[in-house]
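Below is one structure, written out as structure tokens, with a few remarks after it.
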Amino acid sequence: MSRTTDSANTAATIAILIPCYNEETTVGEVVSGFRAELPCARIYVFDNNSTDRTAERAVAAGAIVLHESRQGKGYVVQSMFRQVNADIYVMVDGDGTYPAEAVHRLVAPILTDEADMVVGSRLHVGSQSEFKHLNRWGNRLVLTLLNRMFRVRLTDILSGYRAFNRRFVKALPVFGGGFEIEAELTIKAVARGFRIVEVPTTLTARPEGSHSKIRLFRDGFIILNTILALFRDYKPLTFFGSVGLLFLLSGSLFGLAATILLIGRGTIGRMPLALLAVSLVLCGLLSIAVGLVLHSIARRSQEFEYHLQVLGDELRANRFSRDDHHGE
């Protein structure tokens, strides 16, 4: 680490947050690795109902161990953000697949106030990650879907290696309880205008005796559902408008078919065809109307949140100013 970064680290408090579930094989090395890279940082291991010696190994390595009884990584992240106070937060999995030495690249943009969240990208052109083919394909699918929906150019939205500033951690509400938490963090950061920086990092294979907790198809479905739900919440006009246009197009096609029958035979012949066309058109118009209403509500909500953030920043600035004045 450079001298500049060293001096900055002494001024800012850094917390290393490690969510763990049955990681006794690797957690000690993970804690020791980050202790060696950032000696002044506080290292927290959040044990999520482990049935092995994860907590004991973490304590022996010098970590502060806290517990979360609700099962799921998302619940652990919620507790970490709520319970830990620091200027800079680094979140990393306890499975030993992320290099501790890369933490300086993640922390640097936070220290220089260039980013609110820094993501260690496993799929960056500068990284050499070890992925199973099915996992790589799944990550690419989710990434393509999110980039198209939110019109961004991110390279990795499911990375478990991230750094945040205090404003991001305390201002961003997260509700996901499982492995969809990374997607939720990314989407909400994009939707709320937080600054995101990606740095390349290498994902290595799990050491022998360590096993992944992700169930690919089940958790993959949950992640996709989370992306669609957040797309609906943050871009309601696009979501409901697209659905409405689909209904209108379908209704128009059925209406055209009914009109052709009417012209050719002098009668529609099948009344249900006309009723279906009218119903689809009405559903389309209703969906578009709902999208417009929700869009207006979402815009007002964003303005309200912005004013709250500005007020919070002013209050923090005034508090720091008073602290500096008293210090003098």
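The values are calculated or read from the model by the stated rules, or taken from the named source; none is laboratory data. As the structure is a prediction and not an experimental result, all values here were calculated from the model. In this analysis, Cβ positions are derived from the backbone assuming ideal geometry, glycine residues included, and neighbour counts consider all displayed protein chains. Note: accessible area is taken over every heavy atom of the protein model, side chains too, but ligands, DNA and RNA are not part of it. Shrake-Rupley method; radii C 1.70, N 1.55, O 1.52, S 1.80 Å.
Calculated on the Cα set of the chain, radius of gyration then Dmax: 24.8, 94 Å. Rounded to the nearest 20 debye, the dipole magnitude of the chain is 1400 debye, with +1 charges on Lys and Arg beta carbons, -1 on Asp and Glu beta carbons, and the Cα centre as origin. Quick one: work out the % antiparallel among DSSP beta bridges in the chain, nearest 5. In the chain, DSSP labels about 25 percent of beta bridges as antiparallel. Within the chain, the whole DSSP H helices whose Cα atoms reach 20 Å or more along their own axis and whose mean Kyte-Doolittle score is at least -0.5 are 133-150, 216-234, 236-265, 271-327.
What share of the DSSP beta bridges in segment 68-199 is antiparallel, in percent to the nearest 5? Percent antiparallel among DSSP bridges in segment 68-199 is about 65.
Solvent exposure of the chain amounts to 54 Å² per residue of accessible area, where only protein heavy atoms count and the probe is 1.4 Å. The charge dipole of segment 160-282, taken about the Cα centre with unit charges on the Cβ atoms of Lys, Arg (+1) and Asp, Glu (-1), comes to about 280 debye, rounded to the nearest 20.
Around the amide H of ASN22, modelled in the peptide plane, lie the amide H atoms of ASN48, SER50, THR51, ASP52, all under 5 Å away and 5 or more residues distant in sequence or on another chain. On segment 95-151, 50 percent of the accessible area sits on carbon and sulfur atoms, based on a 1.4 Å probe. Think of the chain as a dipole: +1 on every Lys or Arg Cβ, -1 on every Asp or Glu Cβ, centred on the Cα centre; then among ILE110, VAL199, LEU123, LEU123 lies furthest on the positive end.
In sequence order, segment 159-172 has phi-based couplings of 5, x, 10, 9, 10, 9, 8, 5, 4, 5, 4, 8, 9, 9 Hz under the Karplus curve 6.51 cos²θ - 1.76 cosθ + 1.60, θ = phi - 60°, and Gly or Pro positions carry x.
A simple charge model with +1 on the Cβ of Lys and Arg, -1 on the Cβ of Asp and Glu and nothing else charged puts the dipole of segment 112-172 at about 220 debye relative to its Cα centre.
Residues whose amide H lies under 5 Å from that of VAL65, counting only those 5 or more places away or on a different chain, are VAL45; hydrogens are built 1.01 Å from N in the peptide plane. In terms of the mean number of neighbouring beta-carbon atoms within 10 Å, the peptides 242-248, 199-205 order highest first as 199-205, 242-248. Farthest towards the positive end of the charge dipole of the chain, among the residues LEU294, CYS20, PHE217, is the Cα of LEU294, using unit charges on the Cβ of Lys, Arg, Asp and Glu. Listed by chain and number, the aspartates and glutamates whose alpha-carbon sits under 15 Å from that of LYS73, ignoring those within fewer than 8 places in the same chain, are GLU23, ASP47, ASP93, ASP95, GLU180, GLU182, GLU184, ASP219.
Considering only GLY241, GLY94, VAL65, and ranking their Cα positions along the charge dipole of the chain that arises from unit charges at the beta-carbon of Lys, Arg, Asp and Glu, the one farthest toward the positive end is GLY241.
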